[in-house]
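See structure below.
Values quoted throughout were computed directly from the atomic coordinates according to the rules given, and no laboratory measurement underlies them. Since we're looking at a predicted model, the values are computed, not measured. Cβ sites come from the backbone with ideal geometry, for glycine too, and all protein chains shown count toward neighbours.
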């Protein structure tokens, strides 16, 4: 055990020496974050529902779906109309006429929610004429205590903040077409973690084939080396993550601990930092190279997803190509937590979520989050508007803005 710890200390020292651009970390001051502008506040105060309730009842009855309006809830991107339908009404019949109902209501998109808040009503999510801003500053200040790796998902359709612990997920699949907000969300997720945990508690391993999405993290003290830009480099990083996972299991075995949390509690001086491996476009790894190379990538991802939670290694995989050859059944089975942003068709939505819905999203951070820990049907698939962090707030979170600590 002593030899393993010594090897880890030596490796950590080498990493620090090979990263001369890294600077000392000081916890950012969240009060420096930029909140909602006066224009955003005015837009929210002047908001009007996209469709009159009686209009919803009229259109539903036109298709033989009698229902009575019970209320609506205003969210950042959509307003959810709750409609009570007669007992015995088949939900598939509501889904069948979804596009026709949207056309008659004069709205660009409509999504049917099978059950709202555990009630007996059906929900119709109708796109707002004016998108309301999500206050990231307020969300960041209200992150619940006790989360090891807090993730700020955003606001749901009821205006409530949605938070999850990456350590419990324990891995996340993020998918969506170009411009849907996928990469912005991943940047927000990583910068939030960097603002909450110091480099001694969090290490980032980044893969960025596009070379621009994770550029803000270059030189960050949380980063183990520069982001991998080439496919070969990315494959090597995944293999190194698997090797690190196996080394950590040996450390836990010697210490007779079952998890990294237990180990860090018993050995605070030799605490193992959490490692988050984020891949912005893992489709490049799954589609390029020989068949053997592609299989090795899938095997590395699956091995980490199956076992690495206990040793504090977590995956965040992003892709704009939700193909069955990319998001394979093995990967899906081991990444039950998924965030789907807008996609072009229902088949893409089914690849990500195993059901339709993501094709009816409005873009710009509008997502469906599949929560594997949810008990209620209405909570299993939640519609969430991810916050826009923006360059100014990103600089603050990474300690490079006004009053930054690096």
GNM flexibility winner over the chain from 102, 305, 374 (Cα, springs under 10 Å): 374
Choice from 107, 311, 277 with maximal GNM fluctuation in the chain (Cα, 10 Å cutoff): 107
Cα-projected label distance for residue 246 with residue 49, points at 7 Å along beta-carbon direction, nm: 6.1 nm
Most mobile listed residue (81, 369, 229) in the chain, GNM with C-alpha springs under 10 Å: 229
Cβ-based exposure ranking for 345, 257, in which fewest neighbours within 10 Å come first: 345, 257
Added length on full extension, which subtracts the Cα-Cα distance from 0.36 nm per residue, residue 90 to residue 30: 16.8 nm
Correct choice for volume of the Cα convex hull per residue in Å³ that was computed from the model, options (i) 156; (ii) 114; (iii) 143: (iii)
Residue exposure sequence - 36, 287, 60 - by fewest surrounding Cβ within 10 Å: 287, 36, 60
Exposure proxy ranking, count of Cβ atoms within 10 Å, fewest first, for 354, 270, 135, 366: 354, 270, 135, 366
Rounded, prolate or oblate (a/c below 1.5 giving rounded, otherwise prolate when a/b exceeds b/c) for region 273-320 by Cα gyration tensor: oblate
Under 12 Å from the residue 379 label point (7 Å along Cα→beta-carbon), backbone N, region 138-166: 163
Label zone at residue 299 (point 7 Å along Cα-to-Cβ), backbone N below 17 Å, region 242-270: 242-246
The chain: calculated mean residue ellipticity at 222 nm from DSSP helix runs of at least 4, using -39500 (n - 2.57): -10500 deg cm²/dmol
